[in-house]
Every structure is written in structure tokens, then in C-alpha cells.
Amino acid sequence: MNVAPFKLERYFAKYEFTTCYLFSCSDCDGFPMSYVLEQATAEELQWWEQLRLGYTESEGSSLLREAICPLYESIRPQQLVVSSPGEANFILMNSLLQPGDHLVCMRPAYQSLYQVARDVGAQLSFWEPEPDSWRFDPDRLESLLRPNTRLIIINFPHNPTGAFPSPEEHARIIELAARRGIYLFSDEMYRLLTHPPQAEIPAVCDRYERGISLWGMAKTFGLAGLRIGWTATHDTEVLANILRYKDYLSICNSAPSEVLATIALRHAQRFIQPNLHKILTNLRLFEDFVAARPGVFEFIPPRAGSVGFVKLRLAQPAQQFSEALLHETGIMAVPSEMFEYGQQHLRVGFGRESFPRVLEVLGQYLQG
Ligand SMILES: Cc1ncc(COP(=O)(O)O)c(C=O)c1O
């Protein structure tokens, strides 16, 4: 299998660690390790201090899987496999799809959600939102389904638009899959970063036997450097497939990362609340920023998650604008070309402390 380059990750690899200002990160600032350990009880601290750096259980340490369970209604440790999110995604697409199978994925989307399926040789249809609201209409999804549709891929809270369905719309998506026995892969990497007053939606794995939920430490918890994520599902075959492939990939997870993730999850609100507060504060700032520049931007605020997608009302394509911005100011912005979604949008990341300063520099650039 030949894998196509991951445009967004290559773009980050090129600039993320060399440029001055980041405008488009999807993760929240990484918490310091000292902050994680400050949350630990005496017992949890011992897990850290007495940790032995051997291999761990390939499905994820039992302590970690037990700490993940309270995030779900119906998931037990044996219904979880811990891996990096990208590894889980890669395995799922390879194990669920054959050349000629049909799948539907949202667009715009994080590229790996559809690219691996495309590289496997599956037939891909895109479910696109209404551009004036970012609403993904379930009727439109229904019209894309075919007799050979094997998989639907959703991602709410959505990267990059911040789209988030009502509980009724979400239930309808599950029903569309369940009525036909279609696997429903739900990337829930930004779960619980729901902006009030939006109502929470359940994890797909809690509502459907063939529902597969993906989540991890990077976004909601601000711990991307742990490289820990997990797949939760009641489908035993799917879980067995992940383990079968994982033996050829990472084999097991990093032992220190598993302990730190366990501690963080046992004190989850200490991570979620500061992140959500930062996101909402930065979002308000950005709303004022765009309102003051109606000739430049058009913005539909996100309803959940740490990112949004702002429209540029300029003649220049977004990629060209981003390149000039980077060159002139050192601000790295991700253009919609990275999402195969036109040439008019930029992703905005609200999870960073430095956001007000980035806006200041951007404001000066637009004025000059
Ligand atoms: C929707 C989505 N899924 C999966 C991932 C991968 O998460 P991680 O960076 O923890 O591997 C990302 C990262 O940006 C994402 O936005």
C-alpha cells in the first residue's frame, strides 16, 4: 500500500518548531509534567516513582484502562485498546476496508480520517456542511449511503469547523448506520470541550454495537506529548483486529506515558476546565477581532472543540495569504488547502496562551 503525504502534518513539521507565532494549533498548550504530578495522590505518585521501564500490556495497562472507563456509560476495560490515535485510525481503516468498499467521511476533515481509506482503495464520498452554518445535515448523509457502504466516519467536535450536532441529529446519524449495520467510526478527540450552552452528546460506542469511538490525551486534556489515545467499542472483532496489527507496530505503549495519562484522567477536570476556560476566552477575543474587520473575515464560531474555521474575504487564495503572513510576521496559519476544502479559509486554534499576542501581530499586519 502506497500512502499519500499527510499535508497538514508535513506543514506543521516544516514550521511548528521554527516559527515565532502559531495561529492554527488544534491542541491546547501542553501542561507541564510538574502540573500532572501535583494532581497525584500519594498512591499515584508511587506509581510514578516506582515505575519500571519494561514492556506494558499491549492493550494498555489495566490501571489506565480502568481510569478511562468513567468517561463512558457502558465501556469496561476489556472494551478498550490504548494506542496512539493515529495508529488506531490507520489500523481501523486497514482492517475494516477492502478495495471497492464504500465509505462516507466528513469534509473538511483531518486527513488521516479519509486518506488511509482512499489509499486502501475504498470508494469515498464526502459529507460536507452547509457553508453558512457549518451544520452537517443528516439527510444529506443519508443520500450518500449506498448498498455497499461499510463505514461512516464522523468527528464531533469537528476539526476544523467546530461543528457540533444537536443530540437529536447525533442520534439520527447513529440510527442511519444502525439500520443498515454500517460501522460508525467516531473521532471524539475533542470530546467534552463543549461550549455552553450546547448540550453534550454521547460517545458513539455507548449507543451502537458497531460504533467505534476514538479519543486521547492531546486535545481535551492538553497532553499531546504523551502520545496516548484509545479505541472504545463493544465490537470484539474490531478490538481483536487492532491488537493483531498493533503487534507489528508499537507492540505496547510507553510506560511513563501510561502512568501520567492515568494520573491525569483520574483528575480529569483539572485539565479540562483550564483548557475550556482558555478556549472560550480566546474565542471571545477573536469574535471581537473579526467583528472589527468585516471586510477581511467572515466567521461562524465553533460550538465545541478548540478550533474554528474563518473565511477570508480576500481575492488571494488562503495558502498564498498564509505564506505571505508567515514570511512577513512569523505567524503560521493553516489554510483550507490543507483540508482539500477550497481556498478561502484558515483554521484558528483557541487553545494557546499566546493567542492574544498572535492577534496583536496579525492586526498590525492587516493594518499595514
Ligand atoms: C480529528 C483528529 N483526529 C485525530 C488526531 C490525532 O491526534 P494525536 O495528535 O493525539 O495523534 C487529530 C490531531 O490533530 C485530530 O484533529
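The values are calculated or read from the model by the stated rules, or taken from the named source; none is laboratory data. What you see is a predicted model, and the numbers here were worked out from it, not measured in a lab. Every residue, glycine among them, receives a Cβ derived from its backbone with ideal geometry; neighbour counts consider all protein chains shown. Keep in mind that these areas ignore ligands, DNA and RNA; they rest on the heavy atoms of the full protein, side chains included. Shrake-Rupley method; radii C 1.70, N 1.55, O 1.52, S 1.80 Å.
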What figure in square angstrom, to the nearest 10, would you give for the accessible area of ARG180 with a 1.4 Å probe?
-> 100 Å²
Long-range amide H partners of ASN155, meaning residues 5 or more apart or on another chain whose placed amide H is closer than 5 Å, are ASP187
Rounded to a whole number, what is D in µm²/s for region 29-156 from Stokes-Einstein with the Kirkwood radius over alpha-carbon pairs (20 °C, 1.002 mPa s)?
-> 119 µm²/s
Could you give the semi-axes, largest first, of the ellipsoid that matches region 52-267, computed as the square roots of 5 times the alpha carbon gyration tensor eigenvalues and rounded to whole Å?
-> 27, 20, 15
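If each DSSP helix of 4+ residues adds -39,500 (n - 2.57) and the sum is divided by the residues in the chain, what number results at 222 nm, nearest 500 deg cm²/dmol? Write down the numbers at each step before the final one.
On the way: 13 runs with 143 residues, N = 368.
Mean residue ellipticity, 222 nm, calculated: -12000 deg cm²/dmol.
Sort the following peptides by mean Cβ neighbour count (other Cβ atoms within 10 Å, averaged over residues), highest first: 128-135, 151-158. Spell out each step's value before the answer.
Numbers: 128-135: 15.1, 151-158: 25.2.
Answer by packing, highest mean first, reads 151-158, 128-135.
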HN-Hα J couplings of region 277-284 from phi, Karplus 6.51/-1.76/1.60, θ = phi - 60°, integer Hz, Gly and Pro as x?
-> 4, 5, 4, 5, 5, 5, 5, 4
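Give me the net charge for the shell around ARG65: Cβ to Cβ below 12 angstrom, other residues only, Lys and Arg +1, Asp and Glu -1.
Numbers: positive: ARG76; negative: GLU57, GLU59, GLU66, GLU258.
Once all neighbours under 12 Å are counted, the net charge is -3.
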So how exposed is TRP215, as accessible area in Å² (1.4 Å probe, rounded to 10)?
-> 0 Å²
Accessible surface of MET1 - all protein chains present, 1.4 Å probe, nearest 10 Å² = 120 Å²
In order through region 30-37: 3J(HN,Hα) via Karplus (6.51 cos²θ - 1.76 cosθ + 1.60), integer Hz, x for Gly, Pro = x, 5, x, 4, 4, 5, 4, 5
Solvent exposure, largest accessible area first (probe 1.4 Å, DNA, RNA and ligands not counted), of SER24, SER74 = SER74, SER24
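Once you list every other residue whose beta carbon is under 11 Å from the beta carbon of GLY211, what net charge do they have if Lys and Arg are +1 and Asp and Glu are -1? Walk me through the numbers on the way to the answer.
On the way: positive: ARG207, ARG210; negative: GLU188, ASP206, GLU209, ASP235.
Taking every other residue near GLY211 into account, the sum is -2.
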Using just the alpha carbons, could you tell me how many Å³ per residue the convex hull of the chain encloses?
-> 136 Å³
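DSSP beta bridges in region 52-267, what fraction antiparallel, as a percent rounded to 5?
Working: 10 of 28 bridges.
Given both bridge residues lie in region 52-267, the antiparallel proportion sits at roughly 35 percent.
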For region 239-327, the Cα gyration tensor yields equivalent-ellipsoid semi-axes (√(5λ), largest first, whole Å) of 39, 22, 12
With the 8 Å Cα cutoff and a minimum separation of six or more residues, the chain has a relative contact order in percent of 25 percent
Excluding residues fewer than 8 positions from LYS278 in its own chain, the lysines with Cα under 21 Å of it are LYS219
When we measure straight from the Cα of LYS7, which aspartates and glutamates land under 14 angstrom away, once same-chain ones fewer than 8 places off are left out?
-> GLU16, GLU337, GLU340
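What is the sum of charges around GLU298, taking Lys and Arg as +1, Asp and Glu as -1, for the other residues whose C-beta is under 11 Å from the C-beta of GLU298? Walk me through the numbers before you get to the answer.
Details: positive: ARG293, LYS311, ARG313; negative: ASP132.
Net local charge, GLU298 excluded: +2.
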